[in-house]
Amino acid sequence: MTDSAFLALVFEQQLRDTERMVVANREFKNRRRLPPCRAACPADVNVQGYVSLLQQGRFKESVELVRKSIPFPAICGRVCYSPCEDACARKNVDQSLSIRALKWIIADIEREEGRVKPEPAPKTHSEKVAVIGAGPTGLSAAHELAKLGYPITVFEAMPEPGGIMRYFISDSRLRKDVVANEIAYIQDVGVEIRTNQVFGKNISIDGLRNEGYKAIFVAIGIQKVWSKRIADQPLLPSPLLNTEEGKTSAGLSTISVDPLTLETQIPGVFAGGDTVTQKASSIVNAVGAGKRAAVSIARYLSGQDLRAGRKSEIEETTWVKDWQRVVKKPRRHTSPRTDAEKQKVSFERAEELLAKIKEAATFEAQRCIVCGPCGECLGNEGLCEIDKAVIDETLCTGCNTCTVVCPFGAIKKNERGIAHVDDDLCKGCGVCSASCPEQAITMRLFTDARILTNVVDALGVETA
């Protein structure tokens with residue numbers, strides 16, 4: 001083989017390798033390894049993250065982390081059907097974590113101690129967005145878009161916002177002051193809500209467009225969506241309606257949308273939640289629909305592809321391989337009560353009750369086995385330093401010590417017999433680094449020098 005032919009062969013091989021890397025990277029970007037609890041949540045709530053903060057007694061940061069995913073921590077803490085608990089890995093040992101109750105507790109403690117009014121999100125975009133319907137779907141979409149910097153106005157037909165949360169769930173399950181407090185937070189972020197605005201009477205698609213709204217999200221919930229005229233105004237333009245295939249058993253017409261992007265057949269008009277399904281869904285599912293709509297609307301307004309990269313492959317990930325080795329720690333508490341004012345107690349007694357509730361919540365949070373990747377916990381939120389083991393392949397002899405001592409099963413040998421770290425499973429405990437006979441493993445953050453410095457500082461030893 002000539003030198004030129006050999007170089008051509010090498011170049012061709014390198015090109016194929018590069019193409020494989022590009023494909024692998026593309027697939028990796030669309031793959032998420034999540035703990036079972038988060039993988040099961042329709043609203044992608046970072047369960048492991050807020051529970052981890054609770055373990056540390058960081059109640060305020062815990063509820064703030066929940067609000068990054070959903071605007072209704074107190075409401076979902078009361079009435080969510082809790083698919084996260086059904087999926088919780090802890091049930092392989094004893095009982096699933098009381099995830100919903102913990103969300104209830106951290107939200108109520110915040111309210112009892114006085115919720116701090118958030119600063120309004122800065123308006124970084126000029127394009128106005130109209131949301132029709134102030135139920136959980138519409139309010140969630142409005143909340144997400146407001147955080148992205150869009151001017152948002154929500155139009156609601158009823159005298160008060162909240163939809164199903166305010167008008168269709170009994171006070172015994174969900175008090176109205178709880179709903180009002182959650183909605184007030186959304187308004188504080190910068191969402192304008194106009195009530196007594198009946199779609200098809202006070203407002204219409206064309207009317208909103210004439211007022212300068214560049215995108216519209218229809219989230220009017222379960223109701224008869226007719227194409228007839230009301231007061232000479234079309235309730236919904238006929239292109240929105242799926243009048244044949246979308247007919248329900250009750251004779252209602254659904255709105256036709258792209259199931260991925262929630263865009264209707266009218267560009268710039270989106271619809272979601274029970275408006276589309278005409279079936280009563282849970283609040284957490286409604287939140288998920290609102291968040292999906294917000295992503296599509298933001299992409300539409302910025303001229304991006306509405307579909308690109310939207311489908312992610314979710315892989316449930318847990319480090320536990322032998323459930324028999326996990327120490328049993330059954331639940332102690334299941335029904336939180338933080339509304340001390342309902343018990344008519346003194347201020348001192350109320351403080352004592354809240355202290356006990358915090359203690360119980362912290363104990364329950366400690367039952368979490370933190371089975372998911374660190375990055376999907378607090379690392380990506382900037383609330384925790386993620387440390388990982390790094391293997392020097394030139395020093396590794398493939399002795400298997402690290403694979404045996406790693407409590408999380410994060411180290412395996414590759415095809416060359418060299419140890420390899422799975423970053424999603426590695427918890428950064430450093431056991432492998434301390435055990436390696438060849439000193440081939442170091443830690444990215446907690447190097448020997450940093451550990452020595454921390455020890456010296458802790459002991460108060462002065463160094464020259």
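Each reported figure results from applying straightforward, stated rules to the coordinates on display, with no laboratory input. Keep in mind it's a predicted model, so treat the numbers as computed, not measured. Positions of Cβ are generated from backbone atoms using ideal geometry, with glycine treated the same way; all protein chains shown enter the neighbour counts.
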Review point. Counting other C-beta atoms within 10 Å, which of Met165, Met158 has the fewest, and how do the rest follow?
Key: Met158, Met165
Review point. What's the extension gain from Glu113 to Ile314 if we count 0.36 nm per residue and subtract their Cα-Cα distance?
Key: 68.6 nm
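What is the sum of charges, Lys and Arg at +1 and Asp and Glu at -1, for the other residues whose Cβ falls under 15 Å from the Cβ of His420? Each step should come with its number before you reach the end.
Working: positive: Lys388, Lys412, Lys413, Arg416; negative: Asp392, Glu393, Glu415, Asp422, Asp423, Asp424.
Charge balance near His420 sits at -2.
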Check your understanding: If you stretched the chain out fully between Ala458 and Val405, how much longer would it get, using 0.36 nm times the residue separation minus the C-alpha to C-alpha distance?
Key -> 16.3 nm
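Tell me, in nm to one decimal, what length is gained between Asn196 and Glu351 on full extension, where the rule is 0.36 nm per residue of separation less the Cα-Cα distance?
Between Asn196 and Glu351, full extension yields an extra 51.8 nm.
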Check your understanding: Which cross-chain or sequence-distant (5 or more) residues have an amide H under 5 Å from the amide H of Ile193, H modelled 1.01 Å from N in plane?
Key -> Val154
**Study point:** Estimated distance in nm for a label pair at Ser172 and Asn380, the labels positioned 7 Å out from Cα along Cα-to-Cβ
**Key:** 4.1
**Study point:** Under the Debye formula (equal points on every Cα, no solvent term), log10 I(q)/I(0) of the stretch 387-459 at q = 0.20, 0.22 Å⁻¹
**Key:** -0.78, -0.91
Point to revise | ³J(HN,Hα), Karplus 6.51/-1.76/1.60, whole Hz, each residue of the stretch 401-417, x for Gly, Pro | key: 4, 5, 5, 7, 7, 5, x, 10, x, 8, 10, 9, 8, 7, 5, 9, x
Check your understanding: Quick one: if the Förster radius is 25 Å, what FRET efficiency do Arg325 and Ala449 give, using the C-beta to C-beta distance and rounding to 0.05?
Key -> 0.15
